[in-house]
Every structure is written in structure tokens, then in C-alpha cells.
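Colleague: Below are the C-alpha cells for one structure; questions will follow.
The values are calculated or read from the model by the stated rules, or taken from the named source; none is laboratory data. The structure displayed is predicted, hence computed values, not measured ones. Counting neighbours? That spans all protein chains shown, and the Cβs are built from the backbone with ideal geometry, glycine included. These accessible areas exclude ligands, DNA and RNA; they are computed on the full protein's heavy atoms, side chains included. Shrake-Rupley method; radii C 1.70, N 1.55, O 1.52, S 1.80 Å.
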Amino acid sequence: QKEVEQNSGPLSVPEGAIASLNCTYSDRGSQSFFWYRQYSGKSPELIMFIYSNGDKEDGRFTAQLNKASQYVSLLIRDSQPSDSATYLCAFKAAGNKLTFGGGTRVLVKP
Amino acid sequence: SQTIHQWPATLVQPVGSPLSLECTVEGTSNPNLYWYRQAAGRGLQLLFYSVGIGQISSEVPQNLSASRPQDRQFILSSKKLLLSDSGFYLCAWSAGTGGYEQYFGPGTRLTVT
């Protein structure tokens, strides 16, 4: 079983709609979770982190964490073509390391 | 504010040649530093991380090595490149204390021919 599971996509979303991305993890001891956005050919960019159960909102992004069910999700409201990218989920592993999922590719169609 | 630099941006090297990639961080002290590789269409693979000068932890045994000669400098090296070393090499930093979020440099795209 992979430590972090993400649907590779592509997730096709109409412009203006909500994109919903999910990530499940296997380490019950994980306390810190991160979402990165990676445009094609570019390096990952941190967009959200969440440490507590519940929702965390930042602009058009909302991260949701459910530790009991071991999943974290990312909602992108009012999706724009500029949101087309691969979104990587990560959690803090042992020490100061992060474990990354393979990413979900999102395509926002005008 | 903190800035992370990597060079070169792109590199084409023949099989068997040496490699040296450099990463430097500005605007922070005592960072944790990381080297990742991302093969085409694949996820991020952690290669090395360092919590201080001269302290290197290797995650994947291979023909690569890393060094940290200064607090904010991280170098990835190889004596002889393999075709399988091709990929996108990313350096990242995180604060030495406190949060665990990592911030990535622009990356080096390496093609071994």
C-alpha cells in the first residue's frame, strides 16, 4: 500500500466550478498535511497546509482534514484556467521529511 | 524574505560524465535542506536531506552523493552519470525549527544522453 494515494486524473472541471481533490494516507500518526501546485515544467509551490481536523480556507482554496478517516482534501472554488496544474498532497513523515503523493492533474476548461 | 536558487537550470550530460548541482538559500539561517528527483510524469523522490553543515542523510542508495559545505549551500554530485539519472532535480528548504512546510527552488532539468 502506498503511503499517500491520489487519483492521477486528469480531473476535468468547467471554468467557474468547484474542483475537489482527495488524498488518503496510511500513517495514522501524521499530524501535518500540505498541498502543492505544480505547473508543467515548473517546481512545486506550496498553496496550503493544515494541521487540525476540519476546514482551512485561504482565498479560493479550502483544505479539509479528517484524521479519523485518514484523508485530506482540497477544494478550489470558482476554478480558473490558470488553476490547470498538478496538485501534490504531502504529509509530514518521520523527522523533518515529507512524503508526497503522485499528484492529481487538474484541467479547467473555459 | 527567503529565496532559494538552483543552477544550472538545464543540463545535458553524456553517460559516464560527472555531475555537480548547486543550491543556495538566502534569508534564513540553519535551514533543513533537501534534494528530490522527479522523473518524467512521476512523483517526487527524496534523495538526500540535511539538518546542518556536514550532516547528510541518504534516502535512496545510488550513484549520487550530497554535501553541505556551508549553512545555506547544498550540492548534489555524481562521479559517473547513468541514463536513469535523467530527471528534474529539485532542492527544497524548511525552517530548522517550527513548521515543516518545504519550499522548492526552480529546479534543474538533467538529460543524460
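Colleague: Over region B:1-108, what lengths in whole Å, largest first, do the semi-axes of the equivalent ellipsoid take, defined as the square roots of 5 times the eigenvalues of the alpha-carbon gyration tensor? Numbers along the way, then the final one.
Modeller: Working: eigenvalues 104, 38, 33 Å².
Ellipsoid half-lengths, sorted descending, are 23, 14, 13 Å.
Colleague: In addition: With a 1.4 Å probe and all protein chains left in place, how much accessible area per residue does chain A have, in Å²?
Modeller: Accessible area per residue: 48 Å².
Colleague: If you don't mind, there's one more thing I want to ask. Please report the spacing between the Cα centers of region A:17-87 and region B:52-113 in Å, no decimals.
Modeller: 25 Å
Colleague: Please identify, among B:Leu64, B:Leu47, B:Leu11, the residue showing maximal mean-square fluctuation in a Gaussian network model of chain B using a 10 angstrom Cα cutoff.
Modeller: Between B:Leu64, B:Leu47, B:Leu11, it is B:Leu11 that shows the largest mean-square fluctuation.
Colleague: For chain B, what % of the accessible area comes from carbon and sulfur atoms, probe 1.4 Å?
Modeller: 52 percent
Colleague: Ignoring ligands and nucleic acids, what accessible area does B:Thr24 show with a 1.4 Å probe (Å², nearest 10)?
Modeller: So the heavy atoms of B:Thr24 present about 30 Å² to solvent.
Colleague: Before we go on, tell me the buried accessible area for the A/B pair, both chains summed, 1.4 Å probe, in Å² to the nearest 100.
Modeller: Numbers: alone 6030 and 6040 Å², together 10530 Å².
Summed over both sides, the interface buries about 1500 Å².
Colleague: What does the charge add up to near B:Arg37, with Lys and Arg as +1, Asp and Glu as -1, over the other residues with Cβ less than 14 Å from its Cβ? List each step's numbers first, then the result.
Modeller: Details: positive: B:Arg42, B:Arg109; negative: B:Glu59, B:Asp85.
Neighbourhood net charge equals 0.
Colleague: If the limit is 29 Å between Cα atoms, which of A:Lys42/A:Lys109; A:Lys67/A:Lys109; A:Lys92/B:Lys80; A:Lys92/B:Lys79 go over it?
Modeller: In this structure, A:Lys67/A:Lys109; A:Lys92/B:Lys80; A:Lys92/B:Lys79 lie more than 29 Å apart at Cα.
Colleague: Normalised by the empirical 2.2 N^0.38 Å for globular proteins, what value does the Cα Rg of the protein assembly as shown take? Don't skip to the end; give the middle numbers.
Modeller: On the way: Rg = 17.7 Å, N = 223, 2.2 N^0.38 = 17.2 Å.
Compactness ratio reported: 1.03.
Colleague: Keeping every protein chain present and rolling a 1.4 Å probe, give me the accessible area per residue for region B:69-113 in Å². Walk me through the numbers on the way to the answer.
Modeller: Numbers: 1950 Å² over 45 residues.
Per-residue accessible area for region B:69-113 comes out at 43 Å².
Colleague: Enter the accessible area of A:Glu15 (Å², nearest 10), with the probe set to 1.4 Å and all protein chains included.
Modeller: About 90 Å², ignoring ligands and nucleic acids.
Colleague: While we're on this one: Tell me, what are the semi-axes, in whole angstrom and largest first, of the equivalent ellipsoid of chain A as set by the roots of 5 times the Cα gyration tensor eigenvalues?
Modeller: Square roots of five times the eigenvalues give 23, 15, 12 Å.
Colleague: Taking the full set of protein chains and a 1.4 angstrom probe, give the accessible area of B:Asp85 in square angstrom, rounded to the nearest 10.
Modeller: The accessible area of B:Asp85 comes to roughly 0 Å².
Colleague: Ok, one more. Filter the trypsin sites (Lys or Arg not before Pro) in region A:12-89 down to the DSSP loop ones having no more than 12 other Cβ atoms within 10 Å, then list what survives.
Modeller: Listed in order of number, the matching sites are A:Arg28.
Colleague: I want the local charge near B:Leu47. Using Cβ-Cβ distances under 13 Å, sum +1 for each Lys or Arg and -1 for each Asp or Glu among the other residues.
Modeller: Once all neighbours under 13 Å are counted, the net charge is 0.
Colleague: Still on this structure, I have one more. Compute the signed sum of charges (Lys and Arg +1, Asp and Glu -1) over the other residues within less than 14 Å, Cβ to Cβ, of A:Ser43.
Modeller: Its environment carries a net charge of +3.
Colleague: Could I ask something else about it? Can you list residues from other chains, or at least 5 along the same chain, whose modelled amide H is less than 5 Å from the amide H of A:Arg105?
Modeller: For A:Arg105, the qualifying residues are A:Gly9, A:Leu11, A:Tyr87.
Colleague: Considering only protein heavy atoms, with the full assembly of protein chains and a 1.4 angstrom probe, order B:Val51, B:Val25 by accessible area, largest first.
Modeller: Largest accessible area first, the residues go B:Val51, B:Val25.
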